[in-house]
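The values are calculated or read from the model by the stated rules, or taken from the named source; none is laboratory data. Remember, it's a predicted structure, so these values are computed and weren't measured experimentally. Neighbour counts are summed over all protein chains in view; Cβ atoms, including those assigned to glycine, are modelled from backbone coordinates with ideal geometry.
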Amino acid sequence: MDSAYKDIARTAREAGVVGAGGAGFPTHVKLAATGIDTVVANGAECEPLLANDQAVMTHRTPELLEGLDLAARAVGATRKVIAIKAKRGGIIAHLQSRAGTQTAEIFKLADYYPAGDEQEIVREVTGRRVPEGGIPPDVGVLVQNVETLVNLARSVRGQPVTRRVLTVAGEVRHPGVVDVPLGMSAREVIAACGGATCDDPVLYAGGPMMGEIRDSLDTPVIKTTSGFFVLPADNFLRQKRSIPLRHILRQAQSACTNCMQCTEVCPRYLLGHKIRPHKIMNAVTLGLSYQSDVIMESFLCMFCGMCEYACPMWLSPRRVYQEVRAGLISRGIRFQRTEKETQDHPMRRFRRTAPDRLVRRYELSGYARKTPDPAILELQASTVRLPTRQGTGSPAVPVVHEGDRVTAGQVIGDIPEGKLGARLHASITGKVTYAGPDEIRIG
């Protein structure tokens, strides 16, 4: 890393910047990587029905380009790339017309899911293969979501992460893209978009493929919230994702036919990794030990949901992988990486799945026709509830107490000593009404 730009990583740490497109990995840790020659701004937004990254690329272009340049300088990269789907012709033309893109390439991705997965991005943009259990920096590439880069640009101007851009869609009167304070409840966000248009609405946080059902509309926005979908109780996706794991395991024992369709469409399998979703279904049925090779493959799963989509019996290898991996981690078992050479499956490019097919499969076509307005609507909140865990790593430790007055942007939670994590800042000005290990409330 160029010593002149070490402050960029330090500034990202102080501002609480985390990955906005995935698990919320602390950005300052990524910017400490060495041996990086390529930085990619990930604007693929491959999840069906999401539009927030498109809005960010359109309306916050100068900050995106500045953040991309800062990230490249921080790690010493010489190549800067903006990866975006080729079908986004209008956004591509917009980016190309802006000063600053002369030094950054526009890489046009095919329209498939999950084109935005960072290992897919690395393979397409550079031709390199991330090893099993590896990450893009292992092959000299840093991948950052476009909103993460906007937050990085703001951090060098002293602006910490206190807001989030997300998509609001589904059974909502006015679907759209909004910019909201962290900690604002889904209930308030939905109300600002005209309210729900169905009785007994169910909240789905994230995209249709990798998101999760939330128990309450009072769920707060956090740094990794990419979208809120409002679904009716009888929606097909909601029903499938609500099936208890115990029932899924019973289904696997009686309904799995070993047809291998789940494996044949698995993105990691198609990249040459040794992951076979159909075998994990056999494993839980036969009760194989936690040390078996098949069980250890759970560490290679990216939880994209393609196995669920492909299964003719609607089984969920993804849910099984999640449970198995959690069990392994609780026992202190970790994946032992190998540096073996991988090869793409010869049918990889022919087994890609268009997002439109996913939308139809999960009976979401009606919502796809309600395209969110590309403009970003800024919302405000009078009260917020800020979970101390906003991404990968340990929860932030509160540095404020009940009754304290805080201003927007003030540090209210710090990274535990010697731990991986991210700082937390007040998203509004007000009085701390609760400060505990799980969350901080301001009103």
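Count, please, the residues in the stretch 155-182 that happen to be crowded, with 21+ Cβ neighbours inside 10 Å and more than 18 Å from the chain's Cα centre (by Cα).
Result for the stretch 155-182: 8.
For the stretch 70-83: of the residues being over 13 Å from Val143 (Cβ atoms) and in contact with a Phe, Trp or Tyr (Cβ under 9 Å, 6 or more places away or on another chain), which is surrounded by the most Cβ atoms within 10 Å (Cβ to Cβ)?
Ranking the qualifying residues of the stretch 70-83, first place goes to Ala74.
Are any of the residues in the stretch 357-371 among the polar types (S, T, N, Q), buried (at least 16 other Cβ atoms within 10 Å of the Cβ) and in contact (Cβ under 8 Å) with a residue 24 or more places away in the chain? If you could, list the steps in order and put the result at the bottom.
As a first pass, look at the stretch 357-371 and keep what is among the polar types (S, T, N, Q): 365, 371.
When the remaining residues are screened for being buried (at least 16 other Cβ atoms within 10 Å of the Cβ), the result is none.
There is no residue in the stretch 357-371 that is among the polar types (S, T, N, Q), buried (at least 16 other Cβ atoms within 10 Å of the Cβ) and in contact (Cβ under 8 Å) with a residue 24 or more places away in the chain.
In this structure, is Val265 at pLDDT 90 or above and either of a type in the set (Val, Ile, Thr) or farther than 30 Å from Asp200 by Cα (or both)?
Criteria met by Val265.
Just name the residue that is farthest from the chain's Cα centre (by Cα) out of those in the stretch 112-135 that are surrounded by fewer than 23 Cβ atoms within 10 Å (Cβ to Cβ) and part of a helix (DSSP H, G or I).
Among those that are surrounded by fewer than 23 Cβ atoms within 10 Å (Cβ to Cβ) and part of a helix (DSSP H, G or I), it is Thr126.
Step by step: first the residues of the stretch 416-433, then only those that are hydrophobic (A, V, I, L, M, F, W, C) and in a loop (DSSP other than H, G, I, E, B), then the one that is farthest from Thr162 (Cα to Cα). Which residue is that?
Leu420
Would you check if Ala252 is surrounded by 15 or more Cβ atoms within 10 Å (Cβ to Cβ), aliphatic (A, V, I, L, M), under 18 Å from the mean Cα position of the chain (by Cα) and not assigned by TED's automatic domain parsing to the domain that holds His425? Show your work before the answer.
Numbers: surrounded by 15 or more Cβ atoms within 10 Å (Cβ to Cβ): yes; aliphatic (A, V, I, L, M): yes; under 18 Å from the mean Cα position of the chain (by Cα): no; not assigned by TED's automatic domain parsing to the domain that holds His425: yes.
Here the answer is no, as Ala252 does not meet what is asked.
The rows are residues; the columns are (1) modelled with pLDDT of 95 or more; (2) part of a helix (DSSP H, G or I); (3) in the same structural domain as Glu105 (by TED's automatic domain parsing); (4) within 18 Å of Gly21 (Cβ to Cβ).
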| site | (1), (2), (3), (4) |
| --- | --- |
| Asp53 | yes, yes, yes, yes |
| Met57 | yes, yes, yes, yes |
| Glu63 | yes, yes, yes, yes |
| Gly67 | yes, yes, yes, yes |
| Ala71 | yes, yes, yes, yes |
| Ala74 | yes, yes, yes, no |
| Lys80 | yes, no, yes, yes |
| Ala83 | yes, no, yes, yes |
| Gly90 | no, yes, yes, no |
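Considering Gly413, Gly409, Gly403, which residue is crowded, with 18+ Cβ neighbours inside 10 Å and outside any helix (DSSP H, G or I)?
That would be Gly413, the only listed residue that is crowded, with 18+ Cβ neighbours inside 10 Å and outside any helix (DSSP H, G or I).
Whether any residue in the stretch 188-210 is under 30 Å from Gly413 (Cα atoms), of a type in the set (Ser, Thr, Tyr) and either touching a strand residue (DSSP E or B) at 6+ places or on another chain (Cβ under 7 Å) or without any contact (Cβ under 8 Å) to a residue 24 or more places away in the chain (or both) is what I want to check.
yes
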